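One structure below.
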Amino acid sequence: MEDDDPSFATETLDPALQKKHHDMLERLSARHQARKSDSPDTSSSSSTLESTSSFLAKFSDARRSIESRIAESRFVSSSSASSSTDPSKHKSDLADISVAINDLEKLLAENSYFLPSYEVRSSLKMVSDLKQSLESLSAELIPKKKFSFKSKSTNKKPEPKLPEIQKPDVVSPPNFLVPVRDSPGLRNKHGETLVKSFKGSSIGEFTLSDLDSCQVQLTGTVNALFLHRLKNCNVYTGPVIGSILIDDVEDCVLVLASHQIRIHCARKSDFYLRVRSRPIIEDSNGVRFAPYCLDYKGIEEDLKTAGLDEETNNWANVDDFRWLRAVQSPNWSVLPGEERVSSVSISSNADS
Amino acid sequence: MGLLSIIRKIKKKEKEMRILMVGLDNSGKTTIVLKINGEDTSVISPTLGFNIKTIVYQKYTLNIWDVGGQKTIRSYWRNYFEQTDGLVWVVDSSDLRRLDDCKMELDNLLKEERLAGSSLLILANKQDIQGALTPDEIGKVLNLESMDKSRHWKIVGCSAYTGEGLLEGFDWLVQDIASRIYMLD
Ligand SMILES: Nc1nc2c(ncn2[C@@H]2O[C@H](COP(=O)(O)OP(=O)(O)OP(=O)(O)O)[C@@H](O)[C@H]2O)c(=O)[nH]1
Ligand SMILES: [Mg+2]
């Protein structure tokens, strides 16, 4: 992922590249014209499908041609008797391939607005893979100055020192000039039951962090909720109007409702969700999902306030950002009915 | 004719501007784009890739590229740097814990040569949330004053929910780009 564009790809003075850019801009403006003249409601599924499949056909043709050019260059270089083929020839081949990859990427970019997200993701991945193979090809064809050990030192030193891996610039820890205040929240607790009601409070964002073996009950609505480093906790919350951001939870049961729910670095945890958009996970595994099941006095009204009074069944439409294939991600599953907790009732008149 | 003059010529005809929106995940990029375009913002999923919106703004056509900010997607950002006229960096002003991530990612972005000529608008979003940092505070944390002198930049507080601040921000951005690209009009 950290691969860099081959440097010659960004050279803008190359006339061939100029032309490509020019053509690209032409295409862009042509597309705008085409879209402007479209009637506003052309989003019938058949036309989308038509475009998606024609995009995929075009994309995979171009991709195959790039792959075979990479293979060809590699073959030519390995089969030619001497490896001393003119390096500038190699360079121009590589530059051509690189231009082709950039074009492929632009094709994807221009069409992404109608493509299903899975296609966008897998196509992005393919482009990135092509760049990777181009890079390794260029490393093969145009080797850097060979590292060689001086014969002088070989008898004295049995193990030559390996070239030191260069560390990336260490980013100095940010030095906050403003005393960054902590947001309201519950932090650093162990083995406690923590209860909080937002009813009538003006709290906008709330944080739960560094909790171990706690039971947390939050009632009423809030705009944003952050959960950070929770272990072995049960968390029950009323509806959140904006989003819930979760980072680093393990062995937890979380009953949550929100507009958006984003889960990072979760392990072995069960989520009971009501959510308006698709919940997402990243860098997580062993997480299971079930529908929201919380009850307290006044929850109906709170759900309405947050626009979450309807069950959307989105709790099961989980997107795993680390998983690029169409088959089910191994990192999450639907919690089997017989293992689900039945409705959880909590009290709403907690002190606030 | 050099590449830049070709681009300018075509852009001039179309009065097009290319705007790249980036920022950490959850900062509100997609919500902002839909809000300025007058669309429904009540059901938005985290962006798995990117969206392109073409918006006519004053007498210009903005091509807005909204790229996902989840960790997995950030490595793709650089695929969209080319020919960017305006860069919009969106900050969740209520996410105090990740401000250092936010600063680090912005610093990396600003090192990028291909973005060197673009105007930078920083949107301190979610100002409607009680307890959010003010644009001034965000500016200090991000250490904006120490930015390269040649960069045109501005920070504006906004809320994608109420719409407050969005026009102010985009007005500045569009004017700033226009004054560089369409100077000769
Ligand atoms: N209170 C409040 N919430 C906001 C605001 N803008 C966005 N949100 C909420 O913040 C969450 C994230 O918004 P998105 O627009 O999906 O964020 P994004 O930056 O596009 O995220 P990625 O696509 O993952 O990069 C959603 O739940 C929004 O409803 C705002 O101005 N105020
Ligand atoms: Mg988004």
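The values are calculated or read from the model by the stated rules, or taken from the named source; none is laboratory data. Just so you know, these numbers come straight off a predicted model, no measurement behind them. Glycine also receives a Cβ, built like all others from the backbone with ideal geometry; neighbour counts cover every protein chain displayed.
Remarks
- From the list B:ILE138, B:ILE181, B:ILE177, the one residue that fits, being in contact (Cβ under 8 Å) with a residue 12 or more places away in the chain, under 18 Å from B:THR84 (Cα atoms), away from ligand 1 (no atom under 13 Å from the Cβ) and touching a Ser or Thr at 6+ places or on another chain (Cβ under 7 Å), is B:ILE177.
- Residue count for the stretch B:46-89, restricted to those that are away from ligand 2 (no atom under 16 Å from the Cβ), part of a strand (DSSP E or B) and facing chain A (nearest Cβ under 8 Å): 3
- Cβ-Cβ under 7 Å pairs, at least 6 apart or on other chains, the stretch B:145-159 side in contact (Cβ under 8 Å) with a residue 24 or more places away in the chain, far side of a type in the set (Asp, Glu): B:HIS152/B:ASP176; B:VAL156/B:GLU168; B:CYS158/B:GLU164; B:SER159/B:ASP128
- For the stretch A:179-252, the strands (runs of 3 or more DSSP E) that sit wholly inside it and include 1 or more residues that are without any contact (Cβ under 8 Å) to a residue 40 or more places away in the chain and within 14 Å of chain B (Cβ to nearest Cβ) are A:185-190, A:205-212, A:222-231, A:234-250.
- Counting the residues of the stretch A:225-274 that are under 17 Å from A:ARG187 (Cβ atoms) and aromatic (Phe, Trp, Tyr) gives 1.
- The residues on offer are A:ASP320, A:ASP283, A:ASP302, and the sole one that is surrounded by 15 or more Cβ atoms within 10 Å (Cβ to Cβ), at pLDDT below 95 and assigned by TED's automatic domain parsing to the domain that holds A:SER197 is A:ASP320.
- Annotation: of all residues in the stretch B:85-105 being free of Cβ contacts under 8 Å to residues at least 40 places away in the same chain and among the aliphatic types (A, V, I, L, M), the one that is surrounded by the most Cβ atoms within 10 Å (Cβ to Cβ) is B:LEU96.
- Residue in the stretch A:333-340 that is within 23 Å of A:LEU208 (Cα to Cα) and not basic (Lys, Arg) present: no
- The listed residue being at pLDDT 95 or above and within 14 Å of another protein chain (Cβ to nearest Cβ), out of A:SER258, A:SER329: A:SER258
- Of all residues in the stretch B:32-45 being near ligand 2 (Cβ under 9 Å from one of its atoms) and surrounded by fewer than 24 Cβ atoms within 10 Å (Cβ to Cβ), the one that is farthest from the other protein chains (Cβ to nearest Cβ): B:ILE44
- Test: residue in the stretch B:35-49 that is touching a residue at least 40 places away in the same chain (Cβ under 8 Å) and hydrophobic (A, V, I, L, M, F, W, C): yes
- The single condition from (1) among the acidic types (Asp, Glu); (2) surrounded by fewer than 20 Cβ atoms within 10 Å (Cβ to Cβ); (3) at pLDDT 90 or above; (4) within 20 Å of A:LYS106 (Cβ to Cβ) that B:GLU82 fails is (3).
- Some residue of the stretch B:121-139 being under 13 Å from the mean Cα position of the chain (by Cα) and more than 14 Å from B:LYS29 (Cβ to Cβ): no
- Residues that are charged (D, E, K, R) and either under 14 Å from A:GLU282 (Cα atoms) or not in a helix (DSSP H, G or I) (or both), drawn from the stretch A:315-344: A:ASP319, A:ASP320, A:ARG322, A:ARG325, A:ARG340
Here is a yes/no grid of residues against (1) away from ligand 1 (no atom under 16 Å from the Cβ); (2) under 12 Å from the mean Cα position of the chain (by Cα):
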site	(1), (2)
B:LYS15	yes, no
B:GLY23	no, yes
B:GLY28	no, yes
B:GLY38	no, no
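- Hits in the stretch A:261-280 - residues which are more than 9 Å from chain B (Cβ to nearest Cβ), closer than 15 Å to B:VAL43 by Cα and touching an Asp or Glu at 6+ places or on another chain (Cβ under 7 Å): A:ARG274
- Test for B:LEU109: is it more than 11 Å from chain A (Cβ to nearest Cβ) and part of a strand (DSSP E or B): no
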